[in-house]
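**Q** Here it is: the structure, laid out below.
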Amino acid sequence: MKNTMESYFRNIDERELLYQANKIAVMIQEGNYLSSPEKQKELLAILEEKSSDEDFRILIIDDNGVVISDTNASSVDKTFIIPEVILSLNGKNNSTYHKEEKTLYASSYIEEASSYKKGVVLLISSFENSEMLIAGVSQKWFLLTIFISIIIGIFVFFTSEIVISPLKKILKSINEITDGQLHQRVKINGSNEISQLGEAFNAMTEKLEQIDTSRQEFVSNVSHELKTPLSSIKVLSDSILLQEDIPSEVYIEFLQDINSEIDRMTEIVNNLLALVKLDFREAGLNITETDLNKMLDDILKRLTPLSAQKNITISKEYLKNVVVEADEMKFSLAISNLVENAIKYTNTEGSVKVTLDCDHQNAFITVSDTGIGINEEEQTKIFNRFYRVDKTRDRETGGTGLGLSITHSTVILHKGSIKVSSKEGEGSTFIVRIPIKFIEKQE
Ligand code: ADP
């Protein structure tokens, strides 16, 4: 900044000095002051007055480089050939700065009518005062900068603490969570970005805790579900082993029981595998154009023997012919679970109805029954893994509590939704929505 100021003021001073030199040269030309010694004396008086007013030294030098007059008187009659003078005698007025002497030189030629350069006006002015002034200002600036820096430093020190302390809290919680303490939450007041970060962090932690809880529940449910048939098998096999001379009918009966427990375990494991596969998300889907009418017909055909056992009437109503994009195997299993449940949870002589309809965006598959129904509180839980309304009853019906959660995951994976409405003792209705590919023309 000091250098810039210096060169700025030096430029101004140089220009001003040159202007003054030109003015004096013109004055000498017009007043013809170099024509006689009297005139030169008169000129010296004028120049001395000007020099003391303006605070610069004025030298008039002739075309031989000899000083005719000098307001300092020290150089009169001496030869003063310096580059500035030579340049001016060659017709080029100029100004320069002499760093070592801290002085400014400006020189301007004096011309005759014939354009002959018969002399030079040389002005010499000290730049020392300006330099001292600039140095003083620079020093003040320097002190001011230090003062402002200290103030800013103190301000930053205190405000950074305000910004950093909530971040420290979040960092502490992250470390605790990493150590497994998922119940951690941070409390940050205010409504700025950092408190929003705190809220987002808490929401994320809550989600993590939920995932962790459901994972633990899932593992304990799986172990529990597998333990029950295992203990039955153990009891049954122990009885066979410990008893001597068992009649062959009892033997066969026990083995049949063991066999059905193994079947149950196999079903649980198969269902679990199906669920795990669904957890691999959309990438695992084998999407094809699926004719829903045909798919439903196949399901109903396959399940008719099951309904016949309980004398349940199955009816169907297809209002449209709909084609969707789906993984046919998985989607068929999902709907099949619903129809199977409808049969399973409907008493003998009841009825099950499957309808298919669509609007311009979605297809709707409805499975309704006249069965035992599900009370309102349970309706929100039945899609959870291993959830069964009546555990003992379901054991008889062979349920694992995984069917509906497979159906739910599959439907969600197909960008659809599933809803249930039910009244205890009257029956249930499950409605599955899935986006359509196109509607086929009705024949
Ligand atoms: P499960 O293998 O026990 O049938 P699901 O996941 O298919 O398991 O169903 C969960 C629970 O929801 C069942 O145990 C049953 O209590 C209830 N449920 C499902 N469908 C019906 C239905 N159509 N009518 C009455 N209850 C049902």
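**Q** Just the residues that are among the charged types (D, E, K, R) and part of a helix (DSSP H, G or I), please, taken from the stretch 242-273.
**A** The initial filter retains those residues of the stretch 242-273 that are among the charged types (D, E, K, R), namely 244-245, 249, 253, 257, 261, 263-264, 267.
Matches in the stretch 242-273: GLU249, GLU253, ASP257, GLU261, ASP263, ARG264, GLU267.
**Q** Select from the stretch 307-335 the residues that are within 24 Å of HIS408 (Cβ to Cβ), in contact (Cβ under 8 Å) with a residue 60 or more places away in the chain and basic (Lys, Arg) and list them in ascending order.
**A** LYS330 - this is the single residue of the stretch 307-335 that is within 24 Å of HIS408 (Cβ to Cβ), in contact (Cβ under 8 Å) with a residue 60 or more places away in the chain and basic (Lys, Arg).
**Q** Test each condition in (1) exposed (fewer than 10 other Cβ atoms within 10 Å of the Cβ); (2) under 30 Å from MET1 (Cα atoms) for THR178 and report the one that comes out false.
**A** (2)
**Q** Oh, and also: Out of the residues in the stretch 200-216 that are among the charged types (D, E, K, R) and exposed (fewer than 14 other Cβ atoms within 10 Å of the Cβ), state the one that is nearest to ARG385 (Cα to Cα).
**A** ARG215
**Q** Moving on to the next point. Check whether at least one residue in the stretch 170-184 is touching a Ser or Thr at 6+ places or on another chain (Cβ under 7 Å), within 22 Å of GLN210 (Cα to Cα), among the polar types (S, T, N, Q) and not assigned by TED's automatic domain parsing to the domain that holds SER214, and report yes or no.
**A** Within the stretch 170-184, the first condition is being touching a Ser or Thr at 6+ places or on another chain (Cβ under 7 Å), and the residues that meet it are 177, 182, 184.
Then drop every residue that is not within 22 Å of GLN210 (Cα to Cα), which leaves 177, 182, 184.
Narrowing further to those that are among the polar types (S, T, N, Q): 184.
Among the residues that remain, those that are also not assigned by TED's automatic domain parsing to the domain that holds SER214 are: 184.
Scanning the stretch 170-184, I find at least one residue that is touching a Ser or Thr at 6+ places or on another chain (Cβ under 7 Å), within 22 Å of GLN210 (Cα to Cα), among the polar types (S, T, N, Q) and not assigned by TED's automatic domain parsing to the domain that holds SER214, so the answer is yes.
**Q** Now for a different question. Filter the stretch 352-396 down to residues that are at pLDDT 90 or above, over 14 Å from PHE430 (Cα atoms) and touching a Lys or Arg at 6+ places or on another chain (Cβ under 8 Å) and give me whichever is surrounded by the fewest Cβ atoms within 10 Å (Cβ to Cβ).
**A** ASN362
**Q** Here's a follow-up. May I ask you to list pairs of residues, at least six apart or on different chains, whose Cβ atoms are under 6 Å apart, with the first in the stretch 400-412 being on the phi < 0 side of the Ramachandran plot and outside the structural domain of ILE335 (by TED's automatic domain parsing) and the second being among the hydroxyl-bearing types (Ser, Thr, Tyr) and modelled with pLDDT of 90 or more?
**A** Partner pairs satisfying both residue conditions: none exist.
**Q** For LEU34, indicate whether it is modelled with pLDDT of 90 or more and out of contact with any His (no Cβ under 6 Å at 6 or more places or on another chain).
**A** Working: modelled with pLDDT of 90 or more: no; out of contact with any His (no Cβ under 6 Å at 6 or more places or on another chain): yes.
Judged against the criteria, LEU34 is not a match.
**Q** I've got another one for you. Within the stretch 1-107, which strands (runs of 3 or more DSSP E) (wholly inside it) include 3 or more residues that are touching a residue at least 40 places away in the same chain (Cβ under 8 Å) and surrounded by 15 or more Cβ atoms within 10 Å (Cβ to Cβ)?
**A** Answer list for the stretch 1-107: 57-62, 94-98.
The values are calculated or read from the model by the stated rules, or taken from the named source; none is laboratory data. These figures come from a predicted structure and were not determined experimentally. Glycine also receives a Cβ, built like all others from the backbone with ideal geometry; neighbour counts cover every protein chain displayed.
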